[in-house]
1. Every residue in the stretch 227-244 that is under 21 Å from residue 172 (Cα atoms) and either open to solvent by 50 Å² or more (accessible area, probe 1.4 Å) or of a type in the set (Val, Ile, Thr) (or both), please.
2. Just give me the residues in the stretch 166-177 being more than 18 Å from residue 218 (Cα to Cα) and open to solvent by less than 30 Å² (accessible area, probe 1.4 Å), in sequence order.
3. Pick out the one residue from 117, 58 that is polar (S, T, N, Q), closer than 23 Å to residue 275 by Cα and open to solvent by less than 30 Å² (accessible area, probe 1.4 Å).
4. Give the residue, chosen from 219, 187, 215, that is within 26 Å of the chain's Cα centre (by Cα) and open to solvent by 50 Å² or more (accessible area, probe 1.4 Å).
5. Restricting to the stretch 245-262, name every residue that is surrounded by fewer than 18 Cβ atoms within 10 Å (Cβ to Cβ) and more than 23 Å from residue 180 (Cβ to Cβ).
6. Hey, can you tell me all the residues within the stretch 257-283 that are under 18 Å from residue 58 (Cβ atoms) and in a strand (DSSP E or B)?
7. Take the residues in the stretch 134-157 that are modelled with pLDDT under 60 and among the charged types (D, E, K, R), then tell me which one is least open to solvent (accessible area, probe 1.4 Å).
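The values are calculated or read from the model by the stated rules, or taken from the named source; none is laboratory data. Bear in mind the structure is a predicted one, so any value in this text is a computation, not a measurement. Cβ placement follows ideal geometry from the backbone for every residue including glycine, while neighbour counts extend to all protein chains displayed. Quick note on the areas: whole protein, heavy atoms, side chains included, nothing else; ligands and nucleic acids left out. Shrake-Rupley method; radii C 1.70, N 1.55, O 1.52, S 1.80 Å.
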Amino acid sequence: MRTPPLTLALAATALSLAACSTEGEMRAVDPAGGGERSSATAAPGEVPSPVPDGEVRTSGLVTVLDRGTGPELCLGAVAESYPPQCGGPKLEGFEWGDVGAEKAAGVTWGSYAVTGTFDGTTFTATDAIPAALYDPMAEPEAGGLEPACDDPTTADADKATPEDLDATLAAASALPMYATSWLSGDTINVAVTGDPEAAESTLRETWGGPLCVTTVEKTDADLNAINQELQAALGEQLLTSGSTAPDSLDAQVVFDDGSIQDWADATYGEGLVRVTSALVPVS
């Protein structure tokens, strides 16, 4: 399945624009370990298909699943069923070990950090650490988006109820120049591509609380169109794609040695699409 149009998602105190590809699109690989780029030669404008020329590892725990036809490395989405459902590259040289694996309805699965080589089709494991024995490095928690202005203005503190909030977010998304919106505490932030004063005037009809209106280059529709084009271009290489911040798209691919990022910069403008990989080089 393809990623649906970018939509608003309200979570706790942060509202951000997000769109992710679904399970069927989740297939991953990450930057190959050091050395020169190993991507196949691509014509100008053609999407490269890089393959690592050294050992790589998963960038954390992933699901390994065997439906009876051999284990697969699920680098992308995993359906939360019992047993789970996912797919990925064929996994060779893998052993379940004494801990970590579960079995149900003819399916064997578990969470592992896997190291090995990848030829673009098959991942050959040289090491696999089950979740019970895995010691991940501490990573900073991702924060929400910052306010769009230093001093959010309040017009009428009594007109800032949850119902007012919902009505204002709906009004924001209906603006012809709408790009995205998010919450920073009790502040509504709205990004538009046109006149911010006109947008604020409209939003003040339903919201009296703290409000920031800022301008960006790409509308919600612009980013959605680019996202759909990106999905079609990257095809099986793409795991997820979507927008979590104004004027930007994030795309995770199976493997990138930098050539896919270069292609994205040349195709959509430098920095608009930020490419990450699911596999990382073994240091």
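1. 244
2. 168, 169, 171
3. 58
4. So the residue among 219, 187, 215 that is within 26 Å of the chain's Cα centre (by Cα) and open to solvent by 50 Å² or more (accessible area, probe 1.4 Å) is 215.
5. 258, 262
6. Within the stretch 257-283, 275, 276, 277, 279, 280, 281 meet the criteria.
7. Once the filter is applied, the top-ranked residue is 139.
Residue-wise test of (1) in a loop (DSSP other than H, G, I, E, B); (2) within 30 Å of residue 48 (Cβ to Cβ); (3) acidic (Asp, Glu).
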site	(1), (2), (3)
69	yes, no, no
97	yes, no, no
110	no, no, no
123	no, yes, no
126	no, yes, no
